[in-house]
Amino acid sequence: MSKNDNGLPELIPQYAIAADEQANETPQGLKMGLCLCATCKKVNALTEQYCSRCHSPLSARNYASIQQSWALLITATILLILANIYPITLLTNRGVVTNDTIFSGIAHLVKSGMFPIAIIVFTASILVPWLKILGLGLYLSAISFNIPISKRKMMVGFHIIEWIGRWSMLDLFVISLTVALVNMGQLLDAKPAPAATAFALVILLTQLAAKVLDTRLLWDRLETHDDTN
Amino acid sequence: MSEPKSFKAVILCRSCDFVIRKRALPSNVRALCPRCDTALYDTPYCSLNGLLALCITALIVFFPANLLPVLEINFLGSVRTTTVYQTAVEVWGQGYWVVGLAVLASAVIAPALLILSILMQVLIIKLNLRSLFWQSVYRRLLKNHGLLSQMTMLEIYVISFLVSAFQLSDFSDVYFGMGTLSFTLLFLAILFLQREYNLEHMWSYVHVEK
Ligand SMILES: [Zn+2]
Ligand SMILES: [Zn+2]
């Protein structure tokens, strides 16, 4: 089952033919003196400094991206823990003030019998961010510590994470809509609480962590073992 | 080592740097990397007239979508309405500017810039603006297309209408209005715009100097 990175419906997968199948070593562009422009995806000679089409600076490999990605991921993890502990909304209902965390908000939805909505919010606010952090952590560990996991599966997971990550924004949209509408003073009033900022930063940092990472680094190593599956 | 001539016949996988011989594909077929399954390329074609029509449609619905209330509640007689822009301003005003900025960027600014960027690209090609200045503007627009496209999150916002409506219906009456309809139409227009748009095709209009 193939999944493309735009989330579009399935198209017939048409496998392109590898150029150097007769050679036993896997053909890496780097070894053939080629460099892909990260901005416009044009193939350039490795000797060039700038892309001939879009004039962006070319970089054969970004080795610093592993450290940058780790730093972003660790910061995001700390913020996500805070976002789960601290309240994300503050509700005043007939003078009674309640602090809602992400969890208690979902528990409330379950109690009022809104299961489909509870599942949507649970997926967007808890499942997706944690899966994203664990998945990226696994991917980075595989590069940094040489963990033998199928690269192909890792790459599929990475593309899913890249695509699904933005759905965490759902909770922030819902909070902003609620805050803007529910403002009837002591009677009924909703306000955002500190976890909202932490959660927004988690989304930003995890998306950045996935974006800066040069995924080609995973495939450069361990080429002697064949792990096409 | 390869000569520049062979560059045309070969592509590199952006995820794993696999060297792949390029070949023509039938329409609606996508080439996948044989090693890591990353989607690599499809038929690099999009209709400029189609893009232009979708841009204009999106631009027309953009205004009611952002000026009219998208959600309305009636709580014991007090009525409250809000537009998308106001939701961002409201959270910002409460001191949560990071959240406000995130909402504003992904639901208002990025979609607006995306429409204008594609409109501008189509006009530069259609009007055959080939001066150095316009060519550099065109390059800059194409370079930022991926980011704008990623930051546009209208599909998520449309789902958030439904989630909010269900949550609020717990203690008040909730109404959708013309704004909700316009916003959903804006989402659809941009969805089709993004599906029609083909970045590789747009790059083919750039004159590459040797
Ligand atoms: Zn380029
Ligand atoms: Zn690949």
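A few comments on the model shown:
- Loss of accessible area when B meets A, both sides summed, Å² nearest 100, probe 1.4 Å: 7500
- Alpha-carbon centroid distance for the pair segment B:121-192 / segment B:40-83, whole angstrom: 6
- Nitroxide proxy distance, nm - points 7 Å out along Cα→Cβ at B:Asn128 and A:Ile149: 5.5
- Mean Cβ count within 10 Å, highest first, over the residues of peptides B:15-25, B:168-178: B:15-25, B:168-178
- Of the complete DSSP H runs in chain A, those spanning 27 angstrom or more by Cα along the long axis with a mean Kyte-Doolittle score not below -0.5 are A:64-85.
- Those residues of segment A:145-180 whose amide nitrogen sits under 17 Å from the label point placed on A:Thr98, 7 Å along Cα→Cβ: A:175, A:178-179
- Mean Kyte hydropathy of 0.5 or more with a Cα span along the axis of at least 18 Å, helices from DSSP in chain B: B:48-67, B:110-126, B:154-168, B:178-196
- Cleavage-rule hits, chymotrypsin sites (Phe, Trp or Tyr not before Pro), segment A:111-189, DSSP coil, Cβ neighbours within 10 Å at most 16: A:Phe145
- Nitroxide proxy distance, nm - points 7 Å out along Cα→Cβ at B:Tyr205 and A:Gln67: 4.2
- Ligands, DNA and RNA are left out, and with a 1.4 angstrom probe the accessible area of the protein assembly as shown is 48 Å² per residue.
- Where both bridge residues fall in the protein assembly as shown, DSSP classifies roughly 90% of the beta bridges as antiparallel.
- Distance violations [Cα-Cα > 23 Å] among A:Lys42/B:Lys22; A:Lys132/A:Lys191; A:Lys111/A:Lys132; A:Lys41/A:Lys211; A:Lys211/B:Lys143; A:Lys42/B:Lys143: A:Lys132/A:Lys191; A:Lys111/A:Lys132
- Backbone HN-Hα couplings from phi across segment B:170-176 [Karplus 6.51/-1.76/1.60, Hz, Gly and Pro as x]: 4, 10, 8, 7, 10, 10, 8
- Applying 1/(1 + (r/R0)^6) with R0 = 35 Å to the Cβ-Cβ distance of B:Ala24 and B:Gln135 gives a FRET efficiency near 0.80.
- For B:Asn198, the shell of other residues with beta-carbons less than 14 Å away shows a net charge of 0, using +1 for Lys and Arg and -1 for Asp and Glu.
- Near B:Tyr41, the amide H atoms lying under 5 Å from its own belong to B:Ala31; only residues 5 or more places off or on other chains count, and H is placed 1.01 Å from N.
- Partner chain coverage, peptide A:40-51 - average Cβ within 10 angstrom: 4
- For the protein assembly as shown, the carbon plus sulfur part of the accessible surface works out to 65%, probe radius 1.4 Å.
The values are calculated or read from the model by the stated rules, or taken from the named source; none is laboratory data. This structure is a prediction, so every number in the text was calculated from the model and none was measured. A quick note on method: Cβ atoms are made from the backbone with ideal geometry, for glycine too, and the neighbour counts reach across all protein chains shown. For the accessible areas, the whole protein counts, side chains as well, though only heavy atoms, and no ligand, DNA or RNA atoms are used. Shrake-Rupley method; radii C 1.70, N 1.55, O 1.52, S 1.80 Å.
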